[in-house]
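The values are calculated or read from the model by the stated rules, or taken from the named source; none is laboratory data. Please read all numbers here as calculations on a predicted model, not as lab measurements. Using ideal geometry, Cβ is built from the backbone for each residue, glycine included, and neighbour counts are taken over all protein chains shown. Accessible surface is based on the protein model in full, side chains and every heavy atom, while ligands, DNA and RNA are left aside. Shrake-Rupley method; radii C 1.70, N 1.55, O 1.52, S 1.80 Å.
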Amino acid sequence: MTEEKELSYKEAIEKAGSAITRFPVIKIQDVPLMSHIAYNWDSIWAFRPDPSDLLIATYPKAGTTWTQEIVDLLLHNGDADACKRAPTPVRSPFLEICSPPPIPSGLDLLKKMDPPRLIKTHLPFKLVPPAFWENKCKAIYVARNAKDNLVSYYYFDLMNKTQPEPGPFAGYIHKFMTGELSWGSWYDHVKGYWMEREKKNILYLFYEDMKENPRREVERIMRYLDLSLSDEVISQIVELTSFKNMKDNPMANYSCIPSPVFDQSISPFMRKGEVGDWKNHFSPEQTKIFDEDYEKQMKDVNIPFRSLI
Ligand code: A3P
(Lines give C-alpha, C1' and ligand atoms only; values in the text may rest on other atoms or scores of the structure.)
Protein backbone atom coordinates (compact mmCIF):
# COMPACT_ATOMS: atom_id res chain seq x y z
CA MET A 1 0.00 0.00 0.00
CA THR A 2 2.72 2.39 1.10
CA GLU A 3 4.94 1.38 -1.78
CA GLU A 4 2.11 1.83 -4.27
CA LYS A 5 1.36 5.31 -2.96
CA GLU A 6 4.99 6.36 -3.11
CA LEU A 7 5.42 4.92 -6.58
CA SER A 8 2.34 6.61 -7.93
CA TYR A 9 3.46 9.94 -6.52
CA LYS A 10 6.89 9.52 -8.07
CA GLU A 11 5.43 8.26 -11.31
CA ALA A 12 3.06 11.17 -11.49
CA ILE A 13 5.99 13.57 -11.27
CA GLU A 14 7.91 11.60 -13.87
CA LYS A 15 4.87 11.60 -16.15
CA ALA A 16 4.46 15.36 -15.87
CA GLY A 17 7.78 15.44 -17.74
CA SER A 18 8.24 18.54 -19.83
CA ALA A 19 5.37 20.31 -18.06
CA ILE A 20 7.81 20.75 -15.18
CA THR A 21 9.49 24.07 -15.52
CA ARG A 22 10.55 27.04 -13.42
CA PHE A 23 7.05 28.43 -13.02
CA PRO A 24 6.55 32.18 -12.83
CA VAL A 25 5.00 33.69 -9.74
CA ILE A 26 1.64 35.45 -9.69
CA LYS A 27 0.61 37.71 -6.83
CA ILE A 28 -2.35 36.91 -4.61
CA GLN A 29 -3.06 39.83 -2.26
CA ASP A 30 0.43 41.11 -3.04
CA VAL A 31 2.10 37.79 -2.18
CA PRO A 32 4.02 36.14 -5.06
CA LEU A 33 2.97 32.50 -5.38
CA MET A 34 3.87 29.81 -7.89
CA SER A 35 1.51 30.27 -10.86
CA HIS A 36 -0.30 26.94 -10.38
CA ILE A 37 -1.15 27.96 -6.82
CA ALA A 38 -2.54 31.26 -8.04
CA TYR A 39 -4.67 29.53 -10.73
CA ASN A 40 -6.21 27.32 -8.04
CA TRP A 41 -6.46 29.97 -5.40
CA ASP A 42 -10.25 29.88 -4.94
CA SER A 43 -10.30 26.19 -4.01
CA ILE A 44 -7.32 26.62 -1.65
CA TRP A 45 -8.95 29.56 0.14
CA ALA A 46 -12.21 27.59 0.42
CA PHE A 47 -10.50 24.58 2.04
CA ARG A 48 -12.31 23.46 5.20
CA PRO A 49 -10.14 21.45 7.58
CA ASP A 50 -11.52 19.22 10.28
CA PRO A 51 -11.13 20.67 13.80
CA SER A 52 -8.77 17.76 14.55
CA ASP A 53 -6.39 18.67 11.71
CA LEU A 54 -3.05 20.22 12.64
CA LEU A 55 -1.37 22.94 10.59
CA ILE A 56 2.43 23.27 10.37
CA ALA A 57 3.19 26.70 8.95
CA THR A 58 6.59 28.09 7.99
CA TYR A 59 8.34 30.43 5.63
CA PRO A 60 10.07 28.06 3.13
CA LYS A 61 13.25 26.49 4.52
CA ALA A 62 12.63 27.29 8.19
CA GLY A 63 12.50 23.67 9.38
CA THR A 64 9.15 22.43 8.05
CA THR A 65 10.22 18.87 7.23
CA TRP A 66 11.96 18.47 10.57
CA THR A 67 8.82 19.57 12.42
CA GLN A 68 6.57 17.36 10.26
CA GLU A 69 8.73 14.36 11.17
CA ILE A 70 8.72 15.19 14.88
CA VAL A 71 4.94 15.61 14.93
CA ASP A 72 4.29 12.45 12.92
CA LEU A 73 6.49 10.49 15.34
CA LEU A 74 4.77 12.06 18.35
CA LEU A 75 1.38 11.08 16.93
CA HIS A 76 2.66 7.51 16.40
CA ASN A 77 4.28 7.12 19.82
CA GLY A 78 7.77 7.13 18.27
CA ASP A 79 7.06 4.22 15.93
CA ALA A 80 9.77 4.59 13.26
CA ASP A 81 8.21 2.02 10.93
CA ALA A 82 4.81 3.69 11.02
CA CYS A 83 6.47 6.95 10.04
CA LYS A 84 8.12 5.25 7.07
CA ARG A 85 4.69 4.41 5.59
CA ALA A 86 5.11 7.09 2.91
CA PRO A 87 7.33 10.08 2.08
CA THR A 88 6.81 13.35 3.92
CA PRO A 89 4.62 15.10 1.30
CA VAL A 90 2.23 12.12 1.23
CA ARG A 91 2.10 11.67 5.01
CA SER A 92 1.70 15.37 5.56
CA PRO A 93 0.30 17.10 2.45
CA PHE A 94 1.34 20.56 1.37
CA LEU A 95 -1.96 22.47 1.45
CA GLU A 96 -1.50 24.95 -1.38
CA ILE A 97 0.85 23.08 -3.70
CA CYS A 98 -0.46 22.63 -7.23
CA SER A 99 1.60 21.30 -10.10
CA PRO A 100 0.82 20.22 -13.63
CA PRO A 101 -1.24 17.01 -13.93
CA PRO A 102 -1.00 14.18 -13.14
CA ILE A 103 0.89 15.29 -10.03
CA PRO A 104 -1.65 15.29 -7.20
CA SER A 105 -2.17 18.67 -5.59
CA GLY A 106 -2.10 19.12 -1.83
CA LEU A 107 -5.89 19.33 -1.87
CA ASP A 108 -6.10 16.05 -3.88
CA LEU A 109 -4.00 14.26 -1.28
CA LEU A 110 -5.93 15.75 1.62
CA LYS A 111 -9.27 14.68 0.13
CA LYS A 112 -8.12 11.06 0.24
CA MET A 113 -7.10 11.18 3.91
CA ASP A 114 -9.19 10.91 7.04
CA PRO A 115 -8.68 13.48 9.78
CA PRO A 116 -6.76 14.11 11.89
CA ARG A 117 -4.37 15.24 9.15
CA LEU A 118 -1.00 16.91 9.42
CA ILE A 119 -1.11 19.78 6.95
CA LYS A 120 1.89 21.80 5.80
CA THR A 121 1.65 25.34 4.52
CA HIS A 122 4.02 28.17 3.58
CA LEU A 123 1.18 30.65 3.23
CA PRO A 124 1.56 33.86 5.22
CA PHE A 125 -1.02 34.24 7.96
CA LYS A 126 -3.34 36.46 5.93
CA LEU A 127 -3.64 33.81 3.21
CA VAL A 128 -4.34 30.82 5.47
CA PRO A 129 -7.87 29.57 4.69
CA PRO A 130 -10.04 31.13 7.42
CA ALA A 131 -11.78 27.83 8.21
CA PHE A 132 -8.61 26.78 10.09
CA TRP A 133 -9.34 29.46 12.66
CA GLU A 134 -13.12 29.07 12.55
CA ASN A 135 -12.62 25.38 13.40
CA LYS A 136 -10.04 26.24 16.06
CA CYS A 137 -7.41 23.96 14.53
CA LYS A 138 -4.10 23.75 16.30
CA ALA A 139 -1.18 25.26 14.41
CA ILE A 140 2.59 25.13 14.86
CA TYR A 141 4.69 27.90 13.35
CA VAL A 142 8.46 27.53 12.98
CA ALA A 143 10.58 30.61 12.39
CA ARG A 144 14.26 30.64 11.43
CA ASN A 145 16.64 33.58 11.62
CA ALA A 146 16.47 35.61 8.43
CA LYS A 147 19.99 35.19 7.11
CA ASP A 148 20.17 31.40 7.52
CA ASN A 149 16.66 31.15 6.14
CA LEU A 150 17.75 33.16 3.09
CA VAL A 151 20.86 31.03 2.47
CA SER A 152 18.87 27.81 2.76
CA TYR A 153 16.22 29.17 0.36
CA TYR A 154 18.92 30.21 -2.12
CA TYR A 155 20.31 26.66 -2.33
CA PHE A 156 16.78 25.29 -2.52
CA ASP A 157 15.93 27.57 -5.44
CA LEU A 158 19.04 26.36 -7.23
CA MET A 159 17.95 22.73 -6.97
CA ASN A 160 14.14 23.04 -7.13
CA LYS A 161 13.41 23.32 -10.84
CA THR A 162 9.86 24.59 -10.27
CA GLN A 163 10.94 27.75 -8.46
CA PRO A 164 12.05 30.93 -10.24
CA GLU A 165 15.79 31.10 -11.03
CA PRO A 166 17.55 32.43 -7.95
CA GLY A 167 20.16 34.32 -9.99
CA PRO A 168 23.36 35.56 -8.34
CA PHE A 169 23.47 35.56 -4.53
CA ALA A 170 23.79 39.36 -4.26
CA GLY A 171 20.58 39.86 -6.22
CA TYR A 172 18.90 37.12 -4.21
CA ILE A 173 19.55 39.03 -0.99
CA HIS A 174 17.81 42.01 -2.54
CA LYS A 175 14.80 39.90 -3.59
CA PHE A 176 14.56 38.46 -0.08
CA MET A 177 14.63 41.95 1.47
CA THR A 178 11.96 43.25 -0.90
CA GLY A 179 9.66 40.23 -0.55
CA GLU A 180 9.93 39.17 -4.19
CA LEU A 181 10.61 35.47 -3.53
CA SER A 182 7.86 32.84 -3.69
CA TRP A 183 5.58 33.09 -0.65
CA GLY A 184 6.58 36.71 -0.25
CA SER A 185 8.22 38.67 2.50
CA TRP A 186 9.98 36.74 5.28
CA TYR A 187 9.45 39.80 7.51
CA ASP A 188 5.67 39.87 6.99
CA HIS A 189 5.54 36.10 7.39
CA VAL A 190 7.24 35.84 10.79
CA LYS A 191 5.39 38.92 12.02
CA GLY A 192 1.97 37.78 10.79
CA TYR A 193 1.97 34.59 12.85
CA TRP A 194 3.71 36.25 15.79
CA MET A 195 0.95 38.85 16.11
CA GLU A 196 -1.77 36.19 16.01
CA ARG A 197 -0.12 33.47 18.07
CA GLU A 198 -2.01 34.12 21.29
CA LYS A 199 -5.43 34.80 19.81
CA LYS A 200 -5.26 31.74 17.58
CA ASN A 201 -3.41 29.43 20.01
CA ILE A 202 -0.47 29.00 17.63
CA LEU A 203 2.64 27.30 19.01
CA TYR A 204 5.47 29.57 17.79
CA LEU A 205 8.82 27.79 17.63
CA PHE A 206 12.32 28.76 16.55
CA TYR A 207 14.67 26.61 14.47
CA GLU A 208 17.58 27.78 16.61
CA ASP A 209 15.85 26.54 19.78
CA MET A 210 15.27 23.18 18.13
CA LYS A 211 18.97 22.96 17.29
CA GLU A 212 20.03 24.10 20.74
CA ASN A 213 17.88 21.65 22.67
CA PRO A 214 15.81 19.35 20.48
CA ARG A 215 14.45 17.39 23.43
CA ARG A 216 13.06 20.52 25.06
CA GLU A 217 11.31 21.51 21.84
CA VAL A 218 9.98 17.99 21.16
CA GLU A 219 8.50 18.04 24.67
CA ARG A 220 7.03 21.48 24.02
CA ILE A 221 5.29 20.18 20.91
CA MET A 222 4.13 17.09 22.80
CA ARG A 223 2.48 19.21 25.49
CA TYR A 224 0.85 21.44 22.90
CA LEU A 225 -0.66 18.33 21.29
CA ASP A 226 -1.93 17.14 24.71
CA LEU A 227 0.18 14.00 24.47
CA SER A 228 2.18 12.33 27.18
CA LEU A 229 4.92 10.02 25.94
CA SER A 230 7.52 8.16 27.98
CA ASP A 231 11.02 9.59 28.40
CA GLU A 232 12.33 6.68 26.40
CA VAL A 233 10.01 7.39 23.45
CA ILE A 234 10.93 11.07 23.54
CA SER A 235 14.63 10.16 23.39
CA GLN A 236 13.89 7.92 20.43
CA ILE A 237 12.05 10.71 18.63
CA VAL A 238 14.95 13.11 19.21
CA GLU A 239 17.33 10.53 17.79
CA LEU A 240 15.16 9.67 14.78
CA THR A 241 14.82 13.34 13.90
CA SER A 242 18.49 14.24 14.11
CA PHE A 243 19.79 15.85 10.94
CA LYS A 244 21.89 12.80 10.13
CA ASN A 245 19.09 10.30 10.59
CA MET A 246 16.64 12.34 8.56
CA LYS A 247 19.22 12.83 5.81
CA ASP A 248 19.57 9.03 5.61
CA ASN A 249 15.81 8.40 5.77
CA PRO A 250 14.35 8.05 2.26
CA MET A 251 10.91 8.84 3.66
CA ALA A 252 12.11 12.19 5.02
CA ASN A 253 14.92 13.35 2.72
CA TYR A 254 12.81 14.15 -0.35
CA SER A 255 14.49 11.52 -2.51
CA CYS A 256 10.83 10.80 -3.41
CA ILE A 257 10.92 13.79 -5.74
CA PRO A 258 12.76 12.90 -8.95
CA SER A 259 15.63 14.99 -10.26
CA PRO A 260 13.73 16.93 -12.95
CA VAL A 261 12.04 18.64 -9.97
CA PHE A 262 14.50 18.38 -7.07
CA ASP A 263 18.01 18.03 -8.44
CA GLN A 264 19.79 16.95 -5.29
CA SER A 265 23.10 16.72 -7.17
CA ILE A 266 23.04 20.55 -7.17
CA SER A 267 22.24 20.79 -3.47
CA PRO A 268 20.80 18.10 -1.20
CA PHE A 269 17.43 18.79 0.40
CA MET A 270 19.04 17.98 3.76
CA ARG A 271 21.86 20.40 3.07
CA LYS A 272 23.69 21.44 6.27
CA GLY A 273 21.11 21.81 9.01
CA GLU A 274 23.16 24.37 10.94
CA VAL A 275 22.76 27.72 12.64
CA GLY A 276 25.01 30.52 11.37
CA ASP A 277 25.83 29.19 7.90
CA TRP A 278 25.03 32.68 6.59
CA LYS A 279 28.48 33.75 7.81
CA ASN A 280 29.95 31.61 5.01
CA HIS A 281 27.90 33.48 2.41
CA PHE A 282 27.34 37.14 3.31
CA SER A 283 30.16 39.62 2.71
CA PRO A 284 30.71 42.27 5.44
CA GLU A 285 29.11 44.85 3.13
CA GLN A 286 26.08 42.65 2.46
CA THR A 287 25.72 41.99 6.19
CA LYS A 288 25.75 45.73 6.90
CA ILE A 289 23.08 46.53 4.32
CA PHE A 290 20.95 43.57 5.36
CA ASP A 291 21.16 44.38 9.08
CA GLU A 292 20.27 48.04 8.58
CA ASP A 293 17.25 47.10 6.52
CA TYR A 294 16.32 44.37 9.06
CA GLU A 295 16.22 46.94 11.85
CA LYS A 296 13.75 49.02 9.86
CA GLN A 297 11.54 46.14 8.77
CA MET A 298 11.40 44.58 12.23
CA LYS A 299 11.19 47.72 14.39
CA ASP A 300 7.50 47.26 15.16
CA VAL A 301 7.93 43.81 16.77
CA ASN A 302 10.20 42.17 19.27
CA ILE A 303 10.48 38.55 18.11
CA PRO A 304 13.36 36.88 19.95
CA PHE A 305 15.41 35.74 16.96
CA ARG A 306 18.97 34.59 17.54
CA SER A 307 22.14 34.30 15.48
CA LEU A 308 21.46 37.42 13.48
CA ILE A 309 24.88 38.80 14.32
P1 A3P B 1 19.76 24.02 5.31
O2 A3P B 1 19.52 24.32 3.86
O3 A3P B 1 20.29 25.20 6.06
O4 A3P B 1 20.57 22.80 5.52
P5 A3P B 1 12.26 23.02 5.14
O6 A3P B 1 11.96 21.65 5.62
O7 A3P B 1 11.42 24.07 5.74
O8 A3P B 1 12.34 23.06 3.66
O9 A3P B 1 13.71 23.40 5.70
C10 A3P B 1 14.87 22.79 5.20
C11 A3P B 1 16.03 23.21 6.06
O12 A3P B 1 15.91 22.51 7.33
C13 A3P B 1 17.36 22.79 5.47
O14 A3P B 1 18.30 23.71 5.98
C15 A3P B 1 17.53 21.40 6.09
O16 A3P B 1 18.84 20.91 6.06
C17 A3P B 1 17.06 21.69 7.51
N18 A3P B 1 16.69 20.48 8.24
C19 A3P B 1 15.90 19.48 7.84
N20 A3P B 1 15.84 18.51 8.77
C21 A3P B 1 16.63 18.91 9.78
C22 A3P B 1 16.99 18.34 11.04
N23 A3P B 1 16.55 17.14 11.42
N24 A3P B 1 17.83 19.03 11.83
C25 A3P B 1 18.30 20.25 11.45
N26 A3P B 1 18.00 20.84 10.28
C27 A3P B 1 17.16 20.17 9.45
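How would you order 269-282, 131-144 from highest to lowest mean count of nearby Cβ atoms within 10 Å?
Numbers: 269-282: 16.3, 131-144: 20.6.
The most tightly packed comes first, giving 131-144, 269-282.
In terms of its alpha-carbon gyration tensor, the stretch 3-297 comes out rounded; the largest-to-smallest axis ratio a/c stays below the 1.5 threshold.
For His36, the solvent-accessible surface computed with a 1.4 Å probe is close to 40 Å², ligands and nucleic acids excluded. Using Cβ point charges alone (K and R +1, D and E -1), the dipole size of the chain about the Cα centre works out to roughly 300 debye. Amide H contacts under 5 Å for Leu33: Ile26, Lys27, Ile28, Trp183, restricted to partners 5 or more places along the chain or on a different chain, H placed in the peptide plane at 1.01 Å from N. Gain on full extension, evaluated as 0.36 nm per residue between Asp263 and Asn213 minus their Cα-Cα distance, stands at 14.9 nm.
Take the chain with all the other protein chains still there, run a 1.4 Å probe, and you get 44 Å² of accessible area per residue.
Quick one: with all protein chains in place, what share of the accessible area of the stretch 3-297 is carbon or sulfur, to the nearest percent (1.4 Å probe)?
On the way: 6590 of 12640 Å².
Ligands and nucleic acids excluded, carbon and sulfur reach 52 percent.
Residue-wise HN-Hα couplings along the stretch 102-111, as the Karplus relation 6.51 cos²θ - 1.76 cosθ + 1.60 with θ = phi - 60° gives them from phi, are x, 5, x, 7, x, 5, 4, 5, 5, 4 Hz; Gly and Pro carry x. Annotation note: GluC sites (Glu not before Pro) in the stretch 155-215 located in DSSP loop regions with a Cβ neighbour count of at most 11 within 10 Å are Glu198.
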